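The next block holds one structure in the form of C-alpha coordinates; read it before the comments.
The values are calculated or read from the model by the stated rules, or taken from the named source; none is laboratory data. It should be emphasised that the depicted structure is a prediction, and the values quoted were computed from it without experimental measurement. Here the Cβ positions follow ideal geometry from the backbone for every residue, glycine too, while neighbour counts run over all protein chains shown. Keep in mind that these areas ignore ligands, DNA and RNA; they rest on the heavy atoms of the full protein, side chains included. Shrake-Rupley method; radii C 1.70, N 1.55, O 1.52, S 1.80 Å.
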Amino acid sequence: MGSPEPEYDRQVLEGAGSILSLIARGNGSSRAELLLESGLSRATVTHRLNALIACGLVRETEQTLPSGGRPTRILALNAAGGFLLVANVGETHIHLAAMDLSPAILAQTTLSFSVMSGPEDTLARISDAAAALAAQVQKTHGFLIGIGISLPTPVDFKRGCVVGPSVLSGWDEFDVIGFMQARFAVPVYVENDVNLMTVCEHKRRFPAVEDMLFVKVGTGIGSGMIAGGRVFRGAQGAAGDIGHIQFLSDDAPLCRCGKFGCVEARAAGWAIARDLSQRGFHAETARDVIDLVEQHKPEALMLLRASGRTIGEVISDVVSIINPSLIVIGGTLARGGDILLSGIRELVYQRCLPLATRDLSIVLTTVHDDSALFGAAYLLLDDVFGPAKIDQLLERYCASAVALRQAAQQLAES
Ligand SMILES: [Zn+2]
(Lines give C-alpha, C1' and ligand atoms only; values in the text may rest on other atoms or scores of the structure.)
Protein backbone atom coordinates (compact mmCIF):
# COMPACT_ATOMS: atom_id res chain seq x y z
CA MET A 1 0.00 0.00 0.00
CA GLY A 2 1.37 3.44 -0.93
CA SER A 3 1.52 6.46 1.37
CA PRO A 4 -1.65 8.60 1.45
CA GLU A 5 -1.96 11.34 -1.16
CA PRO A 6 -0.44 14.53 0.30
CA GLU A 7 -2.91 17.31 0.93
CA TYR A 8 -1.93 20.46 -0.96
CA ASP A 9 -5.14 22.41 -1.25
CA ARG A 10 -4.67 26.09 -0.55
CA GLN A 11 -7.87 26.09 1.52
CA VAL A 12 -6.49 23.51 3.93
CA LEU A 13 -3.34 25.60 4.37
CA GLU A 14 -5.30 28.84 4.86
CA GLY A 15 -3.71 30.76 7.73
CA ALA A 16 -0.91 28.19 8.15
CA GLY A 17 1.74 30.71 7.03
CA SER A 18 2.39 32.21 10.44
CA ILE A 19 2.82 28.75 11.98
CA LEU A 20 5.19 27.70 9.19
CA SER A 21 7.20 30.89 9.58
CA LEU A 22 7.63 30.32 13.33
CA ILE A 23 8.83 26.76 12.77
CA ALA A 24 11.20 27.71 9.93
CA ARG A 25 12.80 30.45 12.02
CA GLY A 26 13.29 28.24 15.06
CA ASN A 27 10.64 30.02 17.15
CA GLY A 28 8.17 27.15 17.14
CA SER A 29 10.08 23.96 17.92
CA SER A 30 7.25 22.35 19.87
CA ARG A 31 3.46 22.53 19.98
CA ALA A 32 3.71 24.35 23.31
CA GLU A 33 6.07 26.97 21.87
CA LEU A 34 3.80 27.44 18.83
CA LEU A 35 0.81 28.08 21.11
CA LEU A 36 2.77 30.64 23.07
CA GLU A 37 4.35 32.41 20.09
CA SER A 38 1.33 32.45 17.78
CA GLY A 39 -1.28 33.49 20.33
CA LEU A 40 -3.75 31.18 18.53
CA SER A 41 -6.04 28.61 20.13
CA ARG A 42 -4.88 25.03 20.60
CA ALA A 43 -7.45 23.77 18.08
CA THR A 44 -6.32 26.25 15.41
CA VAL A 45 -2.63 25.48 15.93
CA THR A 46 -3.28 21.73 15.74
CA HIS A 47 -5.40 22.09 12.59
CA ARG A 48 -2.82 24.24 10.76
CA LEU A 49 0.13 22.20 11.94
CA ASN A 50 -1.50 18.98 10.76
CA ALA A 51 -2.05 20.57 7.35
CA LEU A 52 1.63 21.56 7.13
CA ILE A 53 2.76 18.08 8.13
CA ALA A 54 0.34 16.46 5.67
CA CYS A 55 1.63 18.55 2.75
CA GLY A 56 5.24 17.69 3.55
CA LEU A 57 6.61 21.10 4.59
CA VAL A 58 6.95 20.33 8.30
CA ARG A 59 7.89 17.17 10.13
CA GLU A 60 7.83 16.04 13.71
CA THR A 61 11.22 14.61 14.53
CA GLU A 62 11.94 11.71 16.81
CA GLN A 63 14.20 13.83 19.01
CA THR A 64 12.76 15.14 22.22
CA LEU A 65 13.21 18.40 24.10
CA PRO A 66 14.16 18.23 27.78
CA SER A 67 11.01 20.12 28.70
CA GLY A 68 10.89 19.21 32.35
CA GLY A 69 7.84 16.96 32.11
CA ARG A 70 6.99 14.55 29.36
CA PRO A 71 9.34 14.49 26.34
CA THR A 72 8.11 16.80 23.56
CA ARG A 73 8.47 16.05 19.89
CA ILE A 74 10.49 18.64 17.97
CA LEU A 75 8.95 20.41 14.98
CA ALA A 76 11.17 21.40 12.08
CA LEU A 77 11.03 22.22 8.41
CA ASN A 78 11.04 19.03 6.38
CA ALA A 79 14.49 19.22 4.75
CA ALA A 80 13.09 17.38 1.73
CA GLY A 81 10.08 19.72 1.44
CA GLY A 82 11.77 21.67 -1.36
CA PHE A 83 15.15 22.75 -2.68
CA LEU A 84 17.20 25.87 -3.37
CA LEU A 85 19.63 26.69 -6.16
CA VAL A 86 22.66 28.71 -5.06
CA ALA A 87 25.72 29.97 -6.92
CA ASN A 88 28.93 31.52 -5.69
CA VAL A 89 30.69 33.50 -8.41
CA GLY A 90 34.40 33.71 -7.55
CA GLU A 91 37.15 35.42 -9.52
CA THR A 92 38.19 32.24 -11.39
CA HIS A 93 35.27 29.83 -11.07
CA ILE A 94 31.59 29.50 -10.17
CA HIS A 95 30.41 26.98 -7.59
CA LEU A 96 26.77 25.93 -7.95
CA ALA A 97 24.68 23.73 -5.69
CA ALA A 98 21.18 22.43 -5.18
CA MET A 99 20.45 22.39 -1.44
CA ASP A 100 17.65 21.03 0.69
CA LEU A 101 15.94 23.12 3.37
CA SER A 102 18.48 22.22 6.12
CA PRO A 103 20.38 23.68 4.14
CA ALA A 104 22.66 20.83 2.97
CA ILE A 105 24.15 20.22 -0.46
CA LEU A 106 22.23 17.67 -2.57
CA ALA A 107 24.12 18.11 -5.84
CA GLN A 108 26.84 20.49 -7.00
CA THR A 109 28.99 21.51 -9.92
CA THR A 110 31.77 23.96 -10.77
CA LEU A 111 32.10 26.13 -13.87
CA SER A 112 35.20 27.95 -15.03
CA PHE A 113 34.85 31.74 -15.04
CA SER A 114 36.72 34.88 -15.99
CA VAL A 115 35.93 38.31 -14.52
CA MET A 116 36.02 39.55 -18.11
CA SER A 117 32.91 37.48 -18.99
CA GLY A 118 29.85 39.69 -19.27
CA PRO A 119 26.68 39.16 -17.23
CA GLU A 120 24.45 37.73 -20.00
CA ASP A 121 26.85 34.98 -21.00
CA THR A 122 27.71 34.14 -17.38
CA LEU A 123 24.12 34.12 -16.12
CA ALA A 124 23.02 31.99 -19.10
CA ARG A 125 25.69 29.42 -18.15
CA ILE A 126 24.61 29.59 -14.49
CA SER A 127 20.97 29.07 -15.54
CA ASP A 128 21.81 26.02 -17.66
CA ALA A 129 23.90 24.43 -14.91
CA ALA A 130 21.25 25.27 -12.29
CA ALA A 131 18.52 23.71 -14.44
CA ALA A 132 20.61 20.54 -14.74
CA LEU A 133 21.04 20.42 -10.94
CA ALA A 134 17.31 21.02 -10.49
CA ALA A 135 16.55 18.09 -12.78
CA GLN A 136 18.70 15.86 -10.55
CA VAL A 137 16.88 16.70 -7.31
CA GLN A 138 13.34 17.50 -8.46
CA LYS A 139 12.12 13.94 -8.06
CA THR A 140 13.08 13.73 -4.39
CA HIS A 141 12.72 17.40 -3.38
CA GLY A 142 9.98 18.58 -5.72
CA PHE A 143 9.64 22.26 -5.26
CA LEU A 144 12.13 25.05 -6.13
CA ILE A 145 11.96 27.55 -3.25
CA GLY A 146 14.27 30.20 -4.71
CA ILE A 147 17.67 31.13 -6.12
CA GLY A 148 20.61 32.83 -4.37
CA ILE A 149 23.68 34.26 -6.08
CA SER A 150 26.89 35.49 -4.44
CA LEU A 151 29.03 37.99 -6.35
CA PRO A 152 32.59 39.15 -5.52
CA THR A 153 31.64 42.82 -5.81
CA PRO A 154 29.41 45.48 -4.21
CA VAL A 155 25.75 44.68 -4.84
CA ASP A 156 22.64 46.79 -4.42
CA PHE A 157 20.65 44.10 -2.62
CA LYS A 158 17.21 45.65 -3.12
CA ARG A 159 17.61 46.13 -6.87
CA GLY A 160 19.70 42.97 -7.36
CA CYS A 161 22.44 44.55 -9.41
CA VAL A 162 26.16 45.22 -9.26
CA VAL A 163 27.04 48.81 -8.34
CA GLY A 164 30.11 50.97 -8.56
CA PRO A 165 33.66 49.96 -9.33
CA SER A 166 33.81 46.21 -9.61
CA VAL A 167 36.16 43.41 -10.58
CA LEU A 168 33.36 42.10 -12.83
CA SER A 169 33.68 43.73 -16.19
CA GLY A 170 30.44 44.97 -17.80
CA TRP A 171 28.20 44.03 -14.85
CA ASP A 172 27.58 47.54 -13.52
CA GLU A 173 23.79 48.12 -13.15
CA PHE A 174 22.91 44.82 -14.90
CA ASP A 175 19.57 43.48 -13.63
CA VAL A 176 20.61 40.03 -12.34
CA ILE A 177 17.25 39.32 -10.66
CA GLY A 178 15.29 40.17 -13.82
CA PHE A 179 17.50 37.95 -15.96
CA MET A 180 17.19 34.93 -13.65
CA GLN A 181 13.46 35.39 -13.07
CA ALA A 182 12.80 35.35 -16.82
CA ARG A 183 14.00 31.73 -16.74
CA PHE A 184 12.98 30.60 -13.24
CA ALA A 185 9.80 32.21 -11.93
CA VAL A 186 10.93 32.12 -8.28
CA PRO A 187 12.36 34.63 -5.78
CA VAL A 188 15.97 35.49 -6.64
CA TYR A 189 18.51 37.02 -4.22
CA VAL A 190 21.81 38.60 -5.20
CA GLU A 191 24.33 39.61 -2.56
CA ASN A 192 27.97 40.49 -2.07
CA ASP A 193 30.18 37.54 -1.00
CA VAL A 194 31.54 39.11 2.18
CA ASN A 195 28.00 39.88 3.41
CA LEU A 196 27.08 36.25 2.75
CA MET A 197 30.15 34.96 4.62
CA THR A 198 29.02 37.22 7.48
CA VAL A 199 25.53 35.67 7.37
CA CYS A 200 27.00 32.14 7.35
CA GLU A 201 29.33 32.86 10.26
CA HIS A 202 26.49 34.48 12.23
CA LYS A 203 23.98 31.67 11.59
CA ARG A 204 26.33 28.80 12.27
CA ARG A 205 28.50 30.00 15.11
CA PHE A 206 26.99 33.09 16.72
CA PRO A 207 23.21 33.06 16.16
CA ALA A 208 22.54 34.76 19.51
CA VAL A 209 24.82 37.74 18.76
CA GLU A 210 22.87 40.85 17.73
CA ASP A 211 25.69 43.16 16.69
CA MET A 212 28.72 41.72 14.97
CA LEU A 213 31.45 42.79 12.58
CA PHE A 214 33.04 40.25 10.23
CA VAL A 215 36.29 41.22 8.52
CA LYS A 216 37.70 39.20 5.66
CA VAL A 217 41.44 39.72 5.30
CA GLY A 218 42.66 37.95 2.21
CA THR A 219 44.24 39.22 -0.97
CA GLY A 220 41.79 42.15 -0.48
CA ILE A 221 40.02 43.44 2.63
CA GLY A 222 36.25 43.66 3.11
CA SER A 223 33.76 43.48 5.93
CA GLY A 224 30.15 42.69 6.70
CA MET A 225 28.00 43.88 9.58
CA ILE A 226 25.13 42.36 11.54
CA ALA A 227 23.16 45.06 13.36
CA GLY A 228 20.16 44.12 15.49
CA GLY A 229 20.44 40.55 14.20
CA ARG A 230 20.21 41.56 10.52
CA VAL A 231 22.68 42.38 7.77
CA PHE A 232 23.39 46.10 7.70
CA ARG A 233 23.83 47.13 4.06
CA GLY A 234 23.55 50.90 3.94
CA ALA A 235 21.74 52.89 1.26
CA GLN A 236 23.47 51.38 -1.80
CA GLY A 237 24.76 48.12 -0.34
CA ALA A 238 28.24 49.58 0.08
CA ALA A 239 28.35 49.49 3.90
CA GLY A 240 31.39 47.74 5.32
CA ASP A 241 33.75 48.56 2.46
CA ILE A 242 36.58 49.23 4.92
CA GLY A 243 39.37 48.23 2.52
CA HIS A 244 39.32 51.61 0.81
CA ILE A 245 39.20 53.89 3.83
CA GLN A 246 42.22 56.15 3.42
CA PHE A 247 44.89 57.05 5.98
CA LEU A 248 46.87 59.88 4.49
CA SER A 249 50.58 60.25 5.13
CA ASP A 250 53.65 61.41 3.17
CA ASP A 251 54.46 57.91 1.95
CA ALA A 252 50.85 56.82 1.25
CA PRO A 253 51.04 53.81 -1.13
CA LEU A 254 48.95 53.62 -4.32
CA CYS A 255 45.89 51.37 -4.03
CA ARG A 256 44.49 49.15 -6.78
CA CYS A 257 41.38 51.39 -6.68
CA GLY A 258 43.50 54.31 -7.89
CA LYS A 259 43.56 56.27 -4.63
CA PHE A 260 46.48 56.69 -2.23
CA GLY A 261 46.77 55.40 1.32
CA CYS A 262 43.84 52.93 1.46
CA VAL A 263 43.82 50.27 4.19
CA GLU A 264 44.16 47.64 1.45
CA ALA A 265 47.26 49.28 -0.01
CA ARG A 266 48.86 49.08 3.46
CA ALA A 267 47.56 45.83 4.93
CA ALA A 268 45.90 43.47 2.42
CA GLY A 269 47.50 40.27 1.15
CA TRP A 270 48.38 41.89 -2.17
CA ALA A 271 50.12 44.82 -0.43
CA ILE A 272 52.17 42.56 1.86
CA ALA A 273 53.05 40.45 -1.20
CA ARG A 274 54.18 43.64 -2.97
CA ASP A 275 56.42 44.56 -0.03
CA LEU A 276 57.83 41.03 0.19
CA SER A 277 58.60 41.01 -3.55
CA GLN A 278 60.52 44.25 -3.10
CA ARG A 279 62.58 42.40 -0.48
CA GLY A 280 63.38 39.62 -2.96
CA PHE A 281 60.72 37.02 -2.02
CA HIS A 282 58.38 35.38 -4.48
CA ALA A 283 54.90 36.51 -3.38
CA GLU A 284 51.78 37.56 -5.28
CA THR A 285 48.78 36.50 -3.21
CA ALA A 286 47.68 36.24 0.41
CA ARG A 287 48.41 32.52 0.24
CA ASP A 288 52.05 33.22 -0.73
CA VAL A 289 52.30 35.60 2.24
CA ILE A 290 51.00 32.96 4.65
CA ASP A 291 53.39 30.37 3.21
CA LEU A 292 56.30 32.70 4.08
CA VAL A 293 54.81 33.36 7.54
CA GLU A 294 54.58 29.62 8.12
CA GLN A 295 58.25 29.33 7.12
CA HIS A 296 58.96 31.90 9.89
CA LYS A 297 60.55 34.42 7.52
CA PRO A 298 61.17 37.47 9.77
CA GLU A 299 60.16 39.97 7.05
CA ALA A 300 56.83 38.20 6.52
CA LEU A 301 56.16 38.04 10.28
CA MET A 302 56.97 41.72 10.68
CA LEU A 303 54.74 42.78 7.77
CA LEU A 304 51.79 40.65 8.95
CA ARG A 305 52.08 42.14 12.45
CA ALA A 306 52.09 45.64 10.95
CA SER A 307 49.08 44.68 8.82
CA GLY A 308 47.22 43.65 12.00
CA ARG A 309 47.87 47.08 13.52
CA THR A 310 46.63 48.91 10.40
CA ILE A 311 43.49 46.76 10.30
CA GLY A 312 43.08 47.33 14.05
CA GLU A 313 43.22 51.07 13.43
CA VAL A 314 40.30 51.00 10.98
CA ILE A 315 38.36 48.45 13.05
CA SER A 316 38.62 50.69 16.11
CA ASP A 317 36.83 53.43 14.14
CA VAL A 318 34.10 50.97 13.15
CA VAL A 319 33.77 49.84 16.78
CA SER A 320 33.25 53.44 17.87
CA ILE A 321 30.47 53.84 15.30
CA ILE A 322 28.52 50.55 15.49
CA ASN A 323 29.50 49.22 18.96
CA PRO A 324 29.52 45.47 18.13
CA SER A 325 29.86 42.81 20.85
CA LEU A 326 31.84 40.53 18.54
CA ILE A 327 34.45 40.96 15.82
CA VAL A 328 35.24 37.90 13.70
CA ILE A 329 38.39 37.91 11.58
CA GLY A 330 38.50 35.49 8.63
CA GLY A 331 40.18 35.13 5.24
CA THR A 332 43.54 33.72 4.21
CA LEU A 333 45.64 36.07 6.38
CA ALA A 334 43.67 34.93 9.46
CA ARG A 335 45.71 31.73 9.13
CA GLY A 336 48.53 33.85 10.56
CA GLY A 337 46.71 33.50 13.91
CA ASP A 338 48.01 35.57 16.80
CA ILE A 339 50.58 37.33 14.62
CA LEU A 340 47.70 39.12 12.87
CA LEU A 341 45.27 39.13 15.80
CA SER A 342 47.62 40.67 18.38
CA GLY A 343 48.05 43.80 16.25
CA ILE A 344 44.30 44.13 15.76
CA ARG A 345 43.60 43.69 19.49
CA GLU A 346 46.35 46.11 20.48
CA LEU A 347 44.94 48.96 18.39
CA VAL A 348 41.27 48.32 19.16
CA TYR A 349 41.80 48.25 22.95
CA GLN A 350 44.16 51.21 22.79
CA ARG A 351 41.95 53.47 20.71
CA CYS A 352 38.37 52.66 21.71
CA LEU A 353 36.62 53.90 24.83
CA PRO A 354 36.45 51.30 27.63
CA LEU A 355 32.65 51.24 27.36
CA ALA A 356 32.86 50.00 23.75
CA THR A 357 35.43 47.28 24.52
CA ARG A 358 34.27 46.13 27.97
CA ASP A 359 32.32 43.17 26.58
CA LEU A 360 33.90 43.03 23.13
CA SER A 361 35.32 39.73 21.83
CA ILE A 362 37.71 39.57 18.88
CA VAL A 363 38.09 36.07 17.46
CA LEU A 364 39.57 34.32 14.43
CA THR A 365 37.59 32.03 12.18
CA THR A 366 38.27 29.66 9.33
CA VAL A 367 36.26 30.74 6.31
CA HIS A 368 35.44 27.68 4.24
CA ASP A 369 35.27 27.69 0.45
CA ASP A 370 31.51 27.28 0.59
CA SER A 371 30.78 29.94 3.28
CA ALA A 372 29.30 32.39 0.78
CA LEU A 373 27.31 29.59 -0.85
CA PHE A 374 25.73 28.61 2.48
CA GLY A 375 25.30 32.27 3.38
CA ALA A 376 23.19 32.64 0.23
CA ALA A 377 21.06 29.65 1.32
CA TYR A 378 20.53 31.03 4.85
CA LEU A 379 19.64 34.48 3.52
CA LEU A 380 17.16 33.02 1.03
CA LEU A 381 15.48 30.71 3.56
CA ASP A 382 15.20 33.49 6.14
CA ASP A 383 13.47 35.76 3.67
CA VAL A 384 11.08 33.39 1.88
CA PHE A 385 10.00 31.82 5.20
CA GLY A 386 9.77 35.24 6.87
CA PRO A 387 6.35 36.60 7.91
CA ALA A 388 6.21 39.03 4.95
CA LYS A 389 6.73 36.42 2.21
CA ILE A 390 5.37 33.20 3.71
CA ASP A 391 1.92 33.42 2.10
CA GLN A 392 3.46 33.87 -1.37
CA LEU A 393 5.57 30.77 -0.71
CA LEU A 394 2.54 28.68 0.30
CA GLU A 395 0.65 29.94 -2.75
CA ARG A 396 3.47 28.82 -5.06
CA TYR A 397 3.90 25.56 -3.18
CA CYS A 398 0.28 24.57 -3.65
CA ALA A 399 0.17 25.64 -7.29
CA SER A 400 3.32 23.67 -8.08
CA ALA A 401 2.09 20.58 -6.20
CA VAL A 402 -1.27 20.68 -7.98
CA ALA A 403 0.49 21.08 -11.34
CA LEU A 404 2.81 18.17 -10.57
CA ARG A 405 -0.13 16.00 -9.54
CA GLN A 406 -2.11 16.87 -12.68
CA ALA A 407 0.89 16.11 -14.86
CA ALA A 408 1.32 12.74 -13.14
CA GLN A 409 -2.39 11.96 -13.59
CA GLN A 410 -2.28 12.85 -17.28
CA LEU A 411 0.75 10.65 -17.71
CA ALA A 412 -1.01 7.76 -15.95
CA GLU A 413 -4.17 8.18 -18.06
CA SER A 414 -2.43 8.43 -21.43
ZN1 LIG B 1 41.68 51.66 -2.41
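Table for the structure above
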read-out	value
Length-normalised contact order of the chain in % [C-alpha pairs under 8 Å, at least 6 apart]	14 percent
Whole-angstrom gap from segment 350-397 to segment 220-255, using each part's C-alpha centre	18 Å
All aspartates and glutamates inside 17 Å of residue 203 as judged from Cα atoms, apart from same-chain residues fewer than 8 positions distant	100, 191, 193, 211, 369, 370, 382, 383
Within a Gaussian network of the chain (alpha carbon springs, distance under 10 Å), most fluctuating of 350, 295, 136	295
Check: the chain dipole with +1 on Lys, Arg Cβ and -1 on Asp, Glu Cβ, in debye	740 debye
Per residue, the convex hull volume that the Cα atoms of the chain enclose (Å³)	177 Å³
Mean Cβ count within 10 Å, highest first, over the residues of peptides 151-158, 254-261	151-158, 254-261
Accessible surface ranking that places the most exposed of 264, 60, 14 first, with a 1.4 angstrom probe	14, 60, 264
GNM result for the chain, Cα springs below 10 Å: residue of 35, 77, 133 fluctuating most strongly	35
Mean Cα-pair separation over length for segment 207-364, i.e. relative contact order, pairs under 8 Å, 6 or more apart, %	24 percent
Accessible area per residue in Å² at 1.4 Å probe, computed on segment 41-168	44 Å²
Helix-only [θ]222 nm of the chain, DSSP H runs n ≥ 4, -39500 (n - 2.57) each, per residue, nearest 500	-13500 deg cm²/dmol
Cβ-derived FRET efficiency at R0 35 Å, residue 35 paired with residue 338, nearest 0.05	0.10
Share, in percent, of DSSP beta bridges within the chain that are antiparallel, nearest 5	60 percent
Accessible surface of segment 17-77, 1.4 Å probe, proportion on carbon and sulfur as whole %	50 percent
Cα-projected label distance for residue 349 with residue 14, points at 7 Å along beta-carbon direction, nm	6.3 nm
Of the DSSP H helices in the chain, those whose Cα atoms cover at least 27 Å axially and whose Kyte score averages -1.0 or more	119-141, 298-322, 390-413
